[in-house]
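Beneath this line is the structure, given in structure tokens, with notes to follow.
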Amino acid sequence: MKTAILMTFLLAGGAAFAADAPKAPEPAKPVDAASVWAGRWYEIGRTPKSFNRDCVAGVTDFQMKDGGLYEADVCHDKTPDGKEETIGGAMKILNPGQNTKIDVAYHLAFIPVHVENWVLDHAEGWMILGTPDLAEVHIYSREPHPDQALVDRLTKQIRDLGYAGELQFPAQSKP
């Protein structure tokens, strides 16, 4: 069921938005691809969607696979100890050198679905990732339980970037 919902969302992701919809600012500073697009990031905050409503303790793992970059998104159903669910796809850096724009090609029922995200801001241990139209945003940390002051600051920063939607802060794994 969740896969069907996810497919519907991802396929609708390419739908046109109103001309006055907010646009993400261009990423202000480059990222070090070798450090940012490698290893585990914990999903601290996100735009709620129907397919991730019961998804908690989310992580994104970036790795090399079949000679290229690969993104694996993992979460647990309802509780951090719940059933693990995973979706992933080949990842491409869209602006080599700056390394701030990525495209992930998920393959759902043999249908490729591309999702573009930009690193809207980052520093050691955290990043804000969002779609170019600001329809979705994510707060990621290298730690599953970052300091609340940092989470509050990043939440304010997301608002300052122009995101006006709801934010969800799902339960993370136990400390």
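Exactly one residue out of A109, A149, A123 is small (G, A, S) and under 21 Å from P27 (Cα atoms): that is A123.
The number of residues in the stretch 106-121 that are assigned to a strand (DSSP E or B) and more than 27 Å from A171 (Cα to Cα) comes to 5.
Residues in the stretch 67-99 that are of a type in the set (S, T, Y) and within 15 Å of the chain's Cα centre (by Cα): Y70, T86. The set of residues in the stretch 135-175 that are without any contact (Cβ under 8 Å) to a residue 60 or more places away in the chain, closer than 24 Å to K83 by Cα and either in a helix (DSSP H, G or I) or touching a helix residue (DSSP H, G or I) at 6+ places or on another chain (Cβ under 7 Å) (or both) is empty. Within the stretch 109-154, how many residues are within 19 Å of V36 (Cβ to Cβ), surrounded by fewer than 13 Cβ atoms within 10 Å (Cβ to Cβ) and of a type in the set (D, E, K, R)? Adding up the residues that qualify gives 1. For the stretch 122-134, indicate whether the set of residues that are among the hydroxyl-bearing types (S, T, Y), part of a loop (DSSP other than H, G, I, E, B) and on the phi < 0 side of the Ramachandran plot is non-empty. The answer is yes, given that some residue of the stretch 122-134 is among the hydroxyl-bearing types (S, T, Y), part of a loop (DSSP other than H, G, I, E, B) and on the phi < 0 side of the Ramachandran plot. When we screen K49, K101, K92 for residues that are without any contact (Cβ under 8 Å) to a residue 60 or more places away in the chain and closer than 26 Å to L154 by Cα, the only hit is K92.
Each value in this text was obtained by applying a stated rule to the coordinates, not by laboratory testing. All figures in this text were calculated on a predicted structure; none of them were measured in a lab. Cβ sites come from the backbone with ideal geometry, for glycine too, and all protein chains shown count toward neighbours.
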